[in-house]
1. Can you confirm whether the range 212-220 contains a residue that is among the aliphatic types (A, V, I, L, M), within 16 Å of the ligand (Cβ to nearest atom) and touching a Leu at 6+ places or on another chain (Cβ under 7 Å)?
2. Mind checking which strands (runs of 3 or more DSSP E) fall wholly inside the range 84-157 and carry at least 2 residues that are farther than 22 Å from GLY478 by Cα and in contact with a helix residue (DSSP H, G or I) (Cβ under 8 Å, 6 or more places away or on another chain)?
3. Restricting to the range 297-346, count the residues that are touching a helix residue (DSSP H, G or I) at 6+ places or on another chain (Cβ under 7 Å), within 27 Å of PRO357 (Cβ to Cβ) and within 16 Å of the ligand (Cβ to nearest atom).
4. When only residues in the range 254-267 that are closer than 16 Å to ARG69 by Cα and among the small types (Gly, Ala, Ser) count, which is nearest to the chain's Cα centre (by Cα)?
5. Does any residue in the range 142-160 that is over 17 Å from THR368 (Cβ atoms) and surrounded by fewer than 18 Cβ atoms within 10 Å (Cβ to Cβ) come within less than 6 Å, Cβ to Cβ, of a residue that is among the hydroxyl-bearing types (Ser, Thr, Tyr) and at pLDDT 95 or above six or more places away or on a different chain, and which pairs are these?
6. Whether any residue in the range 282-297 is surrounded by fewer than 17 Cβ atoms within 10 Å (Cβ to Cβ) and in a loop (DSSP other than H, G, I, E, B) is what I want to check.
7. When you scan the range 1-15, how many residues do you find that are within 24 Å of GLY332 (Cβ to Cβ) and either crowded, with 21+ Cβ neighbours inside 10 Å or not assigned by TED's automatic domain parsing to the domain that holds ASP279 (or both)?
8. State the number of residues belonging to the range 273-296 that are within 14 Å of the ligand (Cβ to nearest atom) and within 16 Å of ALA253 (Cα to Cα).
Amino acid sequence: MKMSDQPGAVPVTVARGDGIGPEIMEATLRVLDAAGARLAVEEIQIGEAVYGRGHTAGIDAQAWESLRRTRVFLKAPITTPQGGGFKSLNVTIRKSLGLFANVRPCVAYAPFVPTRHPKMDVLIVRENEEDLYAGIEHRQTDEVTQCLKLISRPGCERIVRYAFDQARRLGRSKVTCLTKDNIMKLTDGLFHRVFDEVSRDFPDLAAEHLIVDIGTARLADTPEAFDVIVTPNLYGDVLSDVAAQIAGSVGLAGSANIGEQAAMFEAIHGSAPPLAGRDVANPSGLLLGAVMMLAHIGQADVAERVHNAWLTTLEAGVATADIAGPGTEPVGTRAFADAVIDRLGQRPAALPPVTYPAVPQQPVPTVTARPAPVKTMDGVDVFLHHDDRDPAALAALLRTAAAGAPLELQMITNRGVKVWPDGLPETFCTDHWRVRFRSARPGAARRGDVVDLLDRLDRAGLDFVKTEGLYRFDDELGYSLGQGQ
Ligand code: NAD
């Protein structure tokens, strides 16, 4: 009986991808079929061929239609074309479908897969839509480019609640938050603050926060000290590859991208072009991604059968080249899938067998409604493209230009370092300056004051490239103070 003939077959969209994608997808679908997965597969084409037809994100309208219809996507890796003009297909899909959570289990399978961390079992929950991945970048001066890091309160709350919910559901005991809020006090600070707030709703779970640099070092050294990790997008991206690699191989880990309306499941690795067409790639990452999909769509029985057969296969010493230990003769992609199929119905003896809760997908957490704060303005930061590198001369120009204006020059920084007043001559300066103007009284600045100031700067021949309002929200500062204040 074929998957789609099973009663209650769930429609899912499948893409075979590029490089090793078609081989590992074929292996995965064969295992799912043999395990009795109840799936009605709709195939779409994405990746290289579609980029080649002129679709800059590697996906066409027909594929979107399928994804919007099934809302469940099993995706093999694709090859991202080099050079400008192309968009990342993964980022496009995640953002367009609102897949806010990236969930990556990183587990060691010692002694069957060589690893220095035999007790490792870490679940990484990465925020998937915000942070530096908004892709808002600008070149503002001859010398300086910028990338906007956007962090929203609802975005933080959703991912942090999701991580705690997941931890509770999976019987885990601790959630660790990793940020860099000693430096990024507003953006990462918000993530940390929301983590502290949400953790109070989960008194049964331990909660800790670590600065991401020491947290990553500890993860690489002592991963068994971690349980569930929740972190913003960029740190999560880096961390989850490190974690997968030290658990055994990037070829082993699957990943789920979860949204309110849709979900995408994949391997964490790429299309490995040098291995393509050679029947050597490990299909395990995609297979475990597919297991996460089965659990998500309420087929816990099949997820469990496949996962336990896969663990039994590892225990039997069947291994593709990437995970074969010394003295083990590696098998190919197809033979590995056959070995898993042969063991369907078996449970591992040495590795812990898995169980999946028989309830369907974890609901997406709702975000707490909050009253809108009172927003007032203290002044404005104006960013200038200015070639002369003398801060005192720039201050003199600005003061002359703004003489009599409602906003007064308060300080000048260059790359965040205060250079006026009381700067150090040793500070290296670029052609990109932040000049801060404030009203005499806190909260008394008006938007018209900013327009007036910009007009004066324009007439003085100063090249402003961007402005940022200095706001207060219910009297809480909405901007960082300059260094040295
Ligand atoms: P990669 O993950 O394809 O390969 C990195 C290394 O891991 C290689 O040494 C490769 O041989 C090995 N490897 C990866 N998967 C394996 C498997 N299943 N079995 C055995 N060994 C495996 O990363 P890359 O080489 O940096 O990228 C190749 C292409 O994949 C690029 O075009 C990149 O943009 C794309 N990519 C796609 C995705 C995705 O679609 N989700 C993710 C990452 C990279």
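The values are calculated or read from the model by the stated rules, or taken from the named source; none is laboratory data. These figures come from a predicted structure and were not determined experimentally. Because the Cβ atoms are built from the backbone with ideal geometry, glycine has one as well, and the counts that use them run over all protein chains shown.
1. So far as the range 212-220 goes, no, none of its residues is among the aliphatic types (A, V, I, L, M), within 16 Å of the ligand (Cβ to nearest atom) and touching a Leu at 6+ places or on another chain (Cβ under 7 Å).
2. Fully inside the range 84-157 and qualifying: 101-107, 121-127.
3. Qualifying residue count, the range 297-346: 4.
4. Here the answer is GLY259.
5. GLU143/THR430; VAL144/THR430
6. Scanning the range 282-297, I find no residue that is surrounded by fewer than 17 Cβ atoms within 10 Å (Cβ to Cβ) and in a loop (DSSP other than H, G, I, E, B), so the answer is no.
7. 2
8. Count: 10.
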